[in-house]
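See structure below.
The values are calculated or read from the model by the stated rules, or taken from the named source; none is laboratory data. Given the structure is predicted, the values throughout are model-derived calculations rather than measurements. Please note: Cβ atoms are built from the backbone with ideal geometry, for glycine as well, and neighbour counts cover all protein chains shown. Each accessible area value is taken on the protein alone, full model and side chains, heavy atoms only, with ligands, DNA and RNA left out. Shrake-Rupley method; radii C 1.70, N 1.55, O 1.52, S 1.80 Å.
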Amino acid sequence: MANRLASATSPYLLQHKDNPVDWQEWGEEAFAEARDRDVPVLVSVGYAACHWCHVMAHESFEDADAAAFLNEHFVAVKVDREERPDVDAAYLAATTALTGHAGWPMTVFTTPAGQPFSCGTYYPPQPRHGLPGFRQLLGAVATAWADRRDEVVAAGQHIVSALADQGAAGAVAAGGDRPPTPQQLADALASLLSSYDDQWGGFGTAPKFPPSMTLEHLLRHHARTGDAAALRMVHGSCTAMARGGIYDQLAGGFARYSVDAEWVVPHFEKMLYDNALLTRVYLHWWRATGSPLARRIALETCDWMVRELGTEQGGLASSLDADTDGVEGLTYAWTRAQLLGVLGEDDGTWAAQLLVVTPSGTFEHGASTLQLPREPEGSDAVRWTDVRRRLWAARDLRPQPGRDDKVVAAWNGLAIAALAETGALLDRPDLVTAAVRNAELLTGLHLVDGRLRRVSRDGVVGAPAGVLEDYADVAEGLLALLSVTGDARWLQAAGALLDTVLEQFADAATGGFFDTSGDRDDPVLTAMARPQDPTDNATPSGWSAAAGALLTYAAVTGSERHRTAAESALSVYSSLVTHARFAGWGLAVAEALADGPREVAVVGPAGDAATSRLHRIALMATAPGAAVVVGEPGSTQVPLLADRPLQDARPTAYVCRHFTCEAPVTDPAALAVSLGARTDR
């Protein structure tokens, strides 16, 4: 019999609907039941593509005896961290404070008021590796609740109070006087050089995560200063990732991270946000250098997103699972015998050498991930195209990983920007069309009574309210779409989202932002510290994303209110330059501010070849964070286009920077020089 998750919209929660555990969704109803029954609450947090979440579910949540004890002594709440990042953030802070580390699955025991008193992550079914067994843990917590209730409640109250004090202290410490100076941005580069892996690219040691936001920061720093070291780190990292097993050499798209320092063996889950962020990095790398590898990876990754994650409604699903039929990498890994079975002796032997499929294997059980250390050329390129097609077709006949098909607003906002820019710069109008469809879904379905909802699935919007990153990343995507299409409706929609950011998320104490809105009505979360964090994680922090969108919006509209808010939010990054790996997007936005950002208005008849040429050069600008708009002369819907007449009856570009405007130009070459744009591609 299905439990109370049967009506959930989250695919992760639906994975647990047939567990013998009487799971229910996060909400007041669950905590009211705990109060009525006088029992503690188990809050279990995970996500659909999480390997160890699946392991714990199979080992413990599907066990009838463990479930019976859990149902008798606790109220069990399942949380999809991707759907409820506010819940996740609150208990992640508690778990980190109590244990020194955190991750998923996250296992938190709370009082009926939601106050955490015991926190951890994965627990095996039986004691091992220094961890208590899950059934043993349940017994210990139930006994403590029955015999030492006052201590347990006091511990929960103390944790909540300590986290609130810590948050307040952090808010005061985070406040800075001004955004990073050029010297501080140079110091950030030095910090990155100290942890850069010269041999394999990326930063630090294993496991290695794609440093998307840091690479964007480095590209902007190089564009502003010409610093060769910044571009060298981009080249080394992007080349190694694209050549390694973390990149799907057959179908495109990046896995979540590499378990080794050489990018050989990935953790196989594929996330929308990683691929959206990396697409822009590779596109901007191509824009700066003309690298054929960068161009190919940007296009292949876009195609993978649309093909594998596209939904009927025009959105993009969240992820593909790390496991297939409970086995990690089953879909993706190859043995030499498997290659020969598909390709024959000659092509199979050639492919094994090309793709580093070794006799002993580079992964598990003698299998290898596919790598492409060199780009096939000449006749080998033709051969590789055929071999790749045949291997891909054979792989499609294998069991495939599950797909989490919920549409997350923030991640789709990141994807809109990636698809729109790639489509415009690489002559793929179908990708721009995909970005427009996605934006229409978010501004239609996800906007309810003027407020953004975080998730939808199968065309049905979910209840969870949008958090800061949703508003900021969607605004970022809409502003990129404005830049590419010239459609003023995207400016209006972005402005409405950013008004909500300033009204509901701003923090006067820091000049920054809270991650959740000021009018949230969740009684459990309201009693806990309101989360805020300017540092990046897997995606840009909501704080830095908001700063970036506000800065672009200010450049397009001339709004002093939005520019001041962006500058105030960027002040915190002056104190984070020595931790630049964890503040990549904030520092990227700071690079844009240091450069102006440049405001570029292209006016001319729609569809006119000269207008299109100027517009393309403007989009090719490597100048950090250049704000580009295009439209008919006399347009009044986009302020940056206002009072911009044609010069000599010809399409014209206007460039302003640091509150000063250059002379208008009609010559594409002159515009290219002004913006640092290449005209040879």
key: Among residues of segment 326-340, those that are in a helix (DSSP H, G or I) and either of a type in the set (D, E, K, R) or open to solvent by less than 70 Å² (accessible area, probe 1.4 Å) (or both), counted   = 3
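Of these, 277, 283, which one is open to solvent by less than 10 Å² (accessible area, probe 1.4 Å), among the aliphatic types (A, V, I, L, M), part of a helix (DSSP H, G or I) and under 30 Å from residue 454 (Cα atoms)? Break it down stepwise before answering.
Working: 277 fails: open to solvent by less than 10 Å² (accessible area, probe 1.4 Å).
Only one candidate qualifies: 283.
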inquiry  = Looking at segment 194-217 only, could you name the residues that are part of a helix (DSSP H, G or I) and within 24 Å of the chain's Cα centre (by Cα)?
reply    = 195, 212, 213, 214, 215, 216, 217
key: In segment 534-551, the residues that are buried (at least 20 other Cβ atoms within 10 Å of the Cβ) and outside any helix (DSSP H, G or I)   = 534, 536, 539, 540, 541
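One line per residue, one yes/no per condition, for (1) aromatic (Phe, Trp, Tyr); (2) under 30 Å from residue 467 (Cα atoms); (3) touching a helix residue (DSSP H, G or I) at 6+ places or on another chain (Cβ under 7 Å):
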residue	(1), (2), (3)
348	no, no, yes
352	no, no, yes
360	no, no, no
369	no, no, no
372	no, no, yes
381	no, no, no
404	no, yes, yes
415	no, yes, yes
419	no, yes, yes
task = For residue 365, work out the one condition from (1) buried (at least 19 other Cβ atoms within 10 Å of the Cβ); (2) over 30 Å from residue 11 (Cα atoms); (3) modelled with pLDDT under 95 it doesn't fulfil.
result = (1)
Tally of residues being in a helix (DSSP H, G or I) and open to solvent by 20 Å² or more (accessible area, probe 1.4 Å) across segment 218-235 = 10
ask   = Does residue 554 satisfy the criteria of being touching a residue at least 24 places away in the same chain (Cβ under 8 Å) and either outside any helix (DSSP H, G or I) or of a type in the set (A, V, I, L, M) (or both)?
value = no
request  = Examine segment 583-601 for a residue that is open to solvent by 10 Å² or more (accessible area, probe 1.4 Å), over 30 Å from residue 225 (Cα atoms) and modelled with pLDDT of 95 or more, and state whether such a residue exists.
outcome  = no
task = State yes or no: is residue 272 out of contact with any His (no Cβ under 6 Å at 6 or more places or on another chain) and buried (at least 19 other Cβ atoms within 10 Å of the Cβ)?
result = yes
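Give me the residue from segment 343-358 that is assigned to a loop (DSSP other than H, G, I, E, B) and farther than 11 Å from residue 388 by Cα and, out of that set, least open to solvent (accessible area, probe 1.4 Å). Step through it out loud before you land on a result.
Of all residues in segment 343-358, those assigned to a loop (DSSP other than H, G, I, E, B) come to 355-358.
Narrowing the set further to residues that are farther than 11 Å from residue 388 by Cα leaves 356-358.
Working: 356: 41, 357: 9, 358: 38 Å².
Once the filter is applied, the top-ranked residue is 357.
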note = In segment 650-665, anything under 17 Å from residue 612 (Cβ atoms) and either open to solvent by 30 Å² or more (accessible area, probe 1.4 Å) or touching a helix residue (DSSP H, G or I) at 6+ places or on another chain (Cβ under 6 Å) (or both) is listed as 650, 651, 653, 665
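Of 403, 389, 395, 374, which residue is open to solvent by less than 70 Å² (accessible area, probe 1.4 Å) and among the charged types (D, E, K, R)?
Details: 403 fails: open to solvent by less than 70 Å² (accessible area, probe 1.4 Å); 389 fails: open to solvent by less than 70 Å² (accessible area, probe 1.4 Å); 374 fails: open to solvent by less than 70 Å² (accessible area, probe 1.4 Å).
That would be 395, the only listed residue that is open to solvent by less than 70 Å² (accessible area, probe 1.4 Å) and among the charged types (D, E, K, R).
I'd like to know if segment 177-186 contains one or more residues that are modelled with pLDDT under 95, open to solvent by 20 Å² or more (accessible area, probe 1.4 Å) and either not in a helix (DSSP H, G or I) or not basic (Lys, Arg) (or both).
yes
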inquiry  = Checking the conditions here, which among 460, 474, 467 is touching a residue at least 60 places away in the same chain (Cβ under 8 Å), over 30 Å from residue 681 (Cα atoms) and in contact with a Gly (Cβ under 9 Å, 6 or more places away or on another chain)?
reply    = 467
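Would you mind listing the helices (runs of 4 or more DSSP H) fully within segment 562-681 where at least 2 residues are within 19 Å of residue 543 (Cβ to Cβ) and of a type outside the set (Gly, Ala, Ser)?
Working: elements: 584-595, 609-619, 668-675.
Here the list reads 584-595.
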query = (1) small (Gly, Ala, Ser); (2) open to solvent by less than 10 Å² (accessible area, probe 1.4 Å); (3) farther than 21 Å from residue 212 by Cα: which one isn't true of residue 568, the others all being true?
reply = (2)
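Provide a single number: the residues in segment 451-478 that are of a type in the set (A, V, I, L, M, F, W, C) and open to solvent by 10 Å² or more (accessible area, probe 1.4 Å).
Of all residues in segment 451-478, those of a type in the set (A, V, I, L, M, F, W, C) come to 452, 455, 460-461, 463, 465, 467-468, 472, 474-475, 478.
Remaining after also requiring open to solvent by 10 Å² or more (accessible area, probe 1.4 Å): 460-461, 463, 465, 467.
So the answer is 5.
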inquiry  = Given the condition of a type in the set (Gly, Ala, Ser), closer than 24 Å to residue 11 by Cα, open to solvent by 20 Å² or more (accessible area, probe 1.4 Å) and part of a loop (DSSP other than H, G, I, E, B), answer yes or no: does some residue in segment 507-519 qualify?
reply    = no
ask   = Of the residues that make up segment 208-224, is at least one out of contact with any Phe, Trp or Tyr (no Cβ under 7 Å at 6 or more places or on another chain) and more than 16 Å from residue 587 (Cα to Cα)?
value = no
